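Below: the structure, in structure tokens.
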Amino acid sequence: MGTSPRTLPQVPRRIALVDESGCAATSALLADAAEALPVYARLAGTQAPELVRARAGRDVASCDTVLLALKLDGTNPRVEELPISYAPTGARVYALLCTEGDPGVATYLLAELDERCEELGLRWCGGLAVGDADLLPRITGCPRMGWARRRVSEAVDELLIALLANKSVGERYVRPSRYARLIGRRR
């Protein structure tokens, strides 16, 4: 009962923001995305997509693009249980993954998401793995492009620009700056 890939709009019209973990780090990344998407759409001269805080499968089913936020902490649902299963055929899927340490540990989940999207007839467009993500809520008050947040903010911006342009972002791994990691751990 999915939508044909040909009928999906070239630019996203409805984006499901899915926070599967509900932790402070994924919430911070999705809040940043929700704030930045309309700004980038306006700068690109396009209409801002409708952002849907997806809480159930039916929310995802009504969207042409999914931005999935997930924290890797050992209690993650299996990839088959994620709400992307409800997305219409041909929908674009992007991921924001948070880890407590090295962002490289997300490599396996990015690969699993790619495979799952292929199984479901979805278009996997890549993801961003953010290491030391537990620091994000602690440095949220810092300037977005300041020394503490710049690396993560630039990586999120690249993902959002690709999302608005209907492009793949590939896979990217990033952490807050070393100094931010030192300062953030003290707070």
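Considering every residue within the stretch 151-161, establish whether at least one is among the small types (Gly, Ala, Ser), open to solvent by 10 Å² or more (accessible area, probe 1.4 Å) and at pLDDT 85 or above.
Within the stretch 151-161, none of the residues are among the small types (Gly, Ala, Ser), open to solvent by 10 Å² or more (accessible area, probe 1.4 Å) and at pLDDT 85 or above.
Being surrounded by fewer than 18 Cβ atoms within 10 Å (Cβ to Cβ), of a type in the set (Gly, Ala, Ser) and within 21 Å of residue 162 (Cβ to Cβ) is the filter here; which residues of the stretch 42-64 pass it?
44, 45, 48
Name the single residue that is farthest from residue 94 (Cα to Cα) among those in the stretch 6-41 being surrounded by 17 or more Cβ atoms within 10 Å (Cβ to Cβ) and among the β-branched types (Val, Ile, Thr).
Among them, the one singled out is 26.
Any idea how many residues of the stretch 65-101 are surrounded by fewer than 23 Cβ atoms within 10 Å (Cβ to Cβ) and either modelled with pLDDT of 95 or more or closer than 18 Å to residue 13 by Cβ (or both)?
The number of residues fulfilling the criteria is 4.
For the stretch 46-97, which positions are charged (D, E, K, R) and touching a residue at least 24 places away in the same chain (Cβ under 8 Å)?
Across the stretch 46-97, the qualifying residues are 50, 53, 58, 59, 64, 71, 73, 80, 92.
Against the condition modelled with pLDDT of 90 or more, in contact with a strand residue (DSSP E or B) (Cβ under 9 Å, 6 or more places away or on another chain) and more than 27 Å from residue 91 (Cβ to Cβ), how does residue 170 come out, does it pass? Break it down stepwise before answering.
Values: modelled with pLDDT of 90 or more: yes; in contact with a strand residue (DSSP E or B) (Cβ under 9 Å, 6 or more places away or on another chain): yes; more than 27 Å from residue 91 (Cβ to Cβ): no.
So residue 170 fails the test.
The values are calculated or read from the model by the stated rules, or taken from the named source; none is laboratory data. Bear in mind that the values here come from a model prediction, so they are computed numbers and not experimental data. No Cβ is skipped: glycine too gets one built from the backbone with ideal geometry, and neighbour counts run over all protein chains shown. To get the accessible areas, we keep the full protein, side chains included, count just its heavy atoms, and leave off ligands, DNA and RNA. Shrake-Rupley method; radii C 1.70, N 1.55, O 1.52, S 1.80 Å.
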